[in-house]
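Accompanying notes for the structure given below.
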Amino acid sequence: MQITNMKRLVNRKCLIVLSFLICHLSLSQAVAQELWAVGSAVPGGAQKLEKVADGDYKFVGALKAGELRIQTQRKAGRDTRYLNALLPDANIANRGTAYTESNEAGEAWQVVVSEDRYRFHVYTSNRVLRGEIVQPWGELFIAGGATDVGWKCEGKMLLMQQDIDNPFIWTWEGELKNHPDVEESRSFKFQGQDRWHPKSLHPFVQDTDILNEQHLRTGGNDTKWAVTKEGRYRITVDLLNETVNATLVK
């Protein structure tokens, strides 16, 4: 009799764990498809977030003072999943705020100030939202093994040219090639100052070909771009939208 009761208790616990795993899996699968910003703070009422990498969704643009929710469908329905702020009155501009996933709308994200330069990322792998009102940088440099200045170049990195009409746009034109006598001879990256810290831009994956990928990441792991074709390049970086465009100049 005691053994039978123990079996029932074990089976019950297994069902509870299984139900939790199924629920968690369904939320993760839903989040992996689409995310939308919806609410009074969103111009037009709803805008789709851009998936820029696995587990990384991004919004860039104008927001109005008000509330917004992050959800898996433009129009809420029976299958909608919500990414609810873990804390009440959580500001969309933050250094990293945790959220919970639910099939019910909970705490909304707050937009305190109307502004055209909002950017926030939703990291679904660790359930964190990080946002900011983006400010232009005062300078931007390129440096690395594929450049003429190499890696030992603090104080002499290659300065990029800021656009007169758009302070977020920076352009550089010059030669990139393999330098066999230098460590990481085909690699390079962008720096927000004429030294290695604190501001930097990186590809999501190490040795990404600058000709084949337009998304970039602000800060984070020290991944670098790689040159697969030697020559004179024209490179344009958009700091607000976190994009880069490179072409070979004939």
Reported set for segment 172-226 where residues are open to solvent by 20 Å² or more (accessible area, probe 1.4 Å) and of a type in the set (A, V, I, L, M, F, W, C) is W172, V182, W196, F204, V205, L211
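When you scan segment 91-105, do you find a residue that is at positive phi and open to solvent by 10 Å² or more (accessible area, probe 1.4 Å), even just one?
Yes, segment 91-105 contains a residue that is at positive phi and open to solvent by 10 Å² or more (accessible area, probe 1.4 Å).
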Practice item. Assess whether T147 counts as being in contact (Cβ under 8 Å) with a residue 12 or more places away in the chain and assigned to a loop (DSSP other than H, G, I, E, B). Key: yes
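Right, F204: of a type in the set (F, W, Y) and closer than 20 Å to G55 by Cα or not? Full working, then the answer.
Numbers: of a type in the set (F, W, Y): yes; closer than 20 Å to G55 by Cα: yes.
It is true that F204 is of a type in the set (F, W, Y) and closer than 20 Å to G55 by Cα.
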Restricting attention to segment 29-51, the residues that are within 21 Å of G220 (Cβ to Cβ) and either modelled with pLDDT of 95 or more or in a strand (DSSP E or B) (or both) number exactly 4
Taking segment 39-71 and keeping only residues that are among the hydrophobic types (A, V, I, L, M, F, W, C) and more than 18 Å from R117 (Cβ to Cβ), one is left with A46, A53, I70
Subset of segment 36-63, residues charged (D, E, K, R), free of Cβ contacts under 8 Å to residues at least 60 places away in the same chain and crowded, with 17+ Cβ neighbours inside 10 Å, comes to K51
Exercise. Scanning for something more than 23 Å from the chain's Cα centre (by Cα), of a type in the set (G, A, S) and either closer than 30 Å to A46 by Cα or open to solvent by 70 Å² or more (accessible area, probe 1.4 Å) (or both), does segment 118-136 turn up at least one residue?
Worked result: no
Sole miss for V122 among (1) in a loop (DSSP other than H, G, I, E, B); (2) touching a residue at least 60 places away in the same chain (Cβ under 8 Å) is condition (1)
Within segment 211-250, residues over 15 Å from the mean Cα position of the chain (by Cα) and either over 27 Å from H197 (Cβ atoms) or at pLDDT below 95 (or both) come out as L211, N212, T228, K229, E230, G231, R232, R234, T247, L248, V249, K250
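The values are calculated or read from the model by the stated rules, or taken from the named source; none is laboratory data. Bear in mind the structure is a predicted one, so any value in this text is a computation, not a measurement. No Cβ is skipped: glycine too gets one built from the backbone with ideal geometry, and neighbour counts run over all protein chains shown. Note: accessible area is taken over every heavy atom of the protein model, side chains too, but ligands, DNA and RNA are not part of it. Shrake-Rupley method; radii C 1.70, N 1.55, O 1.52, S 1.80 Å.
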